[in-house]
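Undergrad: Sharing a structure, written as structure tokens. Questions coming.
The values are calculated or read from the model by the stated rules, or taken from the named source; none is laboratory data. This is a predicted model, so every value here is computed, not measured. Virtual Cβ from ideal backbone geometry, glycine too; neighbours counted across all protein chains shown.
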Amino acid sequence: MKSAIFDLANPDSLEQAVSALSQSLSMGKVLAGGQSLGPMMNMRLAQPELLVNATVLKALRHTEETAQAVILGAAITHAEIEDGRVPDPTGGLMQKVASGIAYRAVRNRGTLGGSLAHADPAADWINLMPLLNATMRVVGPTGTRDIEAAQWMIGTFTSALDDNEILIDVSIPKLSRQACRSYYKINRKPGEFSEATAGFLVDPLRDICRAVIGATDGPPLSLENEDAKALITELRSGRIGVLADHALLRAGIEKDTHSYQLHAVAMQRAVAMLDSEKGKMI
Ligand SMILES: Cc1cc2nc3c(=O)[nH]c(=O)nc-3n(C[C@H](O)[C@H](O)[C@H](O)COP(=O)(O)OP(=O)(O)OC[C@H]3O[C@@H](n4cnc5c(N)ncnc54)[C@H](O)[C@@H]3O)c2cc1C
């Protein structure tokens, strides 16, 4: 099928983009690489009257490195992250995660911001950004606001973005040299969406211990500090005990299901990775 007819706006500024979206009365959509929106429009699951091209906006292509963080524009592609063409605040973890997204043709066009706005629980950035405690900066008719990654995903395919808001960029704190981090996803074939995701971050210099369980039916579950430490200790013993059991239940994954087994394995492998050389910062 082909998409319904739509108008395309190539705004010169964020103000123009927001204004175009606002005037379209919820019938407008931001277009990034079109990797999700394109198929949805072709199947007529989405029929926007107006597409506002985000890839022409300089603010969304901007990258910046400060002492504390790396800021990546929303229209930075997975391929740019994979190739190291933008700074990586995680010492290579983001590069590795990017390389596991879909296949190269999709990565060439798919964007960090498009993926986050799409809010597919089985996607990668939606699960990694809470682990890294990233902050999303969005702009709408009343100005800009910051949204923490933990509050970003509200439900399946639903983010905290309003209809007439645009994700500008993502600020990702730099990990310290002592940090260990891991991210493990289970999928049937390389490049497919995840069936079970788990990630851990231990950063003693920044006093952070965090766990994320993703690819659930909704937002990822984050565990902080003592809860995360206890879970890691239990998983290091090689068994799925009460803490892992409880975490999976909180993540909405029912016991004795296929999904439970996959998530349990993802958590165990992510902890093993955390303790291996692969999990250490270079
Ligand atoms: C075959 C295939 C396999 C895939 N496998 C994976 C995978 O393994 N892991 C993974 O993480 N992803 C995967 N994806 C998703 C893909 O990587 C893209 O990230 C995702 O489709 C978003 O694409 P996009 O950036 O082109 O955004 P678009 O498709 O252009 O937009 C997606 C949605 O986000 C909105 N949007 C886009 N940018 C903004 C913005 N700046 N502000 C506000 N709203 C915005 C759009 O309006 C739309 O609703 C796969 C996709 C395909 C087609």
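Undergrad: Quick one: which residue in 182, 194 is under 21 Å from residue 271 (Cα atoms), of a type in the set (Ser, Thr, Tyr), touching a residue at least 60 places away in the same chain (Cβ under 8 Å) and not in a strand (DSSP E or B)?
TA: Exactly one residue qualifies, and that residue is 194.
Undergrad: Does any residue in region 119-130 that is in the same structural domain as residue 263 (by TED's automatic domain parsing) come within less than 7 Å, Cβ to Cβ, of a residue that is near the ligand (Cβ under 7 Å from one of its atoms) six or more places away or on a different chain, and which pairs are these?
TA: Partner pairs satisfying both residue conditions: none exist.
Undergrad: Also, quick follow-up: So, in region 237-275, how many residues would count as being in a loop (DSSP other than H, G, I, E, B) and more than 16 Å from residue 212 (Cβ to Cβ)?
TA: Of the residues in region 237-275, 9 are in a loop (DSSP other than H, G, I, E, B) and more than 16 Å from residue 212 (Cβ to Cβ).
Undergrad: Can you tell me which of (1) more than 22 Å from residue 112 (Cβ to Cβ); (2) at pLDDT below 95; (3) surrounded by 14 or more Cβ atoms within 10 Å (Cβ to Cβ) is the one residue 2 doesn't meet?
TA: The number of the failed condition is (3).
Undergrad: Same structure again: Does any residue of region 97-108 turn out to be in contact with a strand residue (DSSP E or B) (Cβ under 8 Å, 6 or more places away or on another chain), under 28 Å from residue 223 (Cβ atoms) and surrounded by fewer than 24 Cβ atoms within 10 Å (Cβ to Cβ)?
TA: yes
Undergrad: How many of the residues making up region 98-115 are more than 8 Å from the ligand (Cβ to nearest atom) and either in the same structural domain as residue 213 (by TED's automatic domain parsing) or not basic (Lys, Arg) (or both)?
TA: Residues meeting the conditions: 4.
Undergrad: Let me confirm something: among 52, 86, which residue is touching an Asp or Glu at 6+ places or on another chain (Cβ under 8 Å) and either under 29 Å from residue 15 (Cβ atoms) or surrounded by 23 or more Cβ atoms within 10 Å (Cβ to Cβ) (or both)?
TA: 86
Undergrad: Let me ask something else about it. Would region 208-228 turn up any residue that is at pLDDT 95 or above, part of a helix (DSSP H, G or I), out of contact with any strand residue (DSSP E or B) (no Cβ under 7 Å at 6 or more places or on another chain) and outside the structural domain of residue 124 (by TED's automatic domain parsing)?
TA: Looking for residues that are at pLDDT 95 or above, part of a helix (DSSP H, G or I), out of contact with any strand residue (DSSP E or B) (no Cβ under 7 Å at 6 or more places or on another chain) and outside the structural domain of residue 124 (by TED's automatic domain parsing), one finds at least one in region 208-228, hence yes.
Undergrad: For residue 156, state whether it is within 17 Å of residue 71 (Cβ to Cβ), β-branched (Val, Ile, Thr) and either exposed (fewer than 15 other Cβ atoms within 10 Å of the Cβ) or within 9 Å of the ligand (Cβ to nearest atom) (or both).
TA: So residue 156 does not fit the description; no.
Undergrad: While we're looking at this one, here's another question. Would you point out the residue of region 169-179, among those that are surrounded by fewer than 22 Cβ atoms within 10 Å (Cβ to Cβ) and part of a strand (DSSP E or B), that is farthest from the ligand (Cβ to nearest atom)?
TA: Per the criteria, the residue is 173.
Undergrad: Quick check on region 41-59: of everything there that is within 20 Å of the chain's Cα centre (by Cα) and within 9 Å of the ligand (Cβ to nearest atom), which residue is nearest to residue 24 (Cα to Cα)?
TA: Taking the candidates together, the pick is 54.
Undergrad: May I pose another question? Among the residues of region 225-251, which ones are surrounded by fewer than 19 Cβ atoms within 10 Å (Cβ to Cβ) and within 18 Å of residue 178 (Cα to Cα)?
TA: Selection gives 225, 229.
Undergrad: Also, quick follow-up: Looking only at region 138-163, filter to residues that are in contact with an Asp or Glu (Cβ under 7 Å, 6 or more places away or on another chain) and touching a residue at least 40 places away in the same chain (Cβ under 8 Å); which one of those is farthest from residue 175 (Cα to Cα)?
TA: Here the residue is 140.
Undergrad: Follow-up. Take the conditions part of a helix (DSSP H, G or I) and at pLDDT below 95 and apply them to residue 278. Does it pass?
TA: It is true that residue 278 is part of a helix (DSSP H, G or I) and at pLDDT below 95.
Undergrad: While we're looking at this one, here's another question. Which one of these does residue 125 not meet: (1) crowded, with 22+ Cβ neighbours inside 10 Å; (2) touching a strand residue (DSSP E or B) at 6+ places or on another chain (Cβ under 6 Å); (3) not aliphatic (A, V, I, L, M)?
TA: (2)
Undergrad: Next up: Step by step: first the residues of region 60-97, then only those that are within 9 Å of the ligand (Cβ to nearest atom) and in a helix (DSSP H, G or I), then the one that is farthest from residue 16 (Cα to Cα). Which residue is that?
TA: 97
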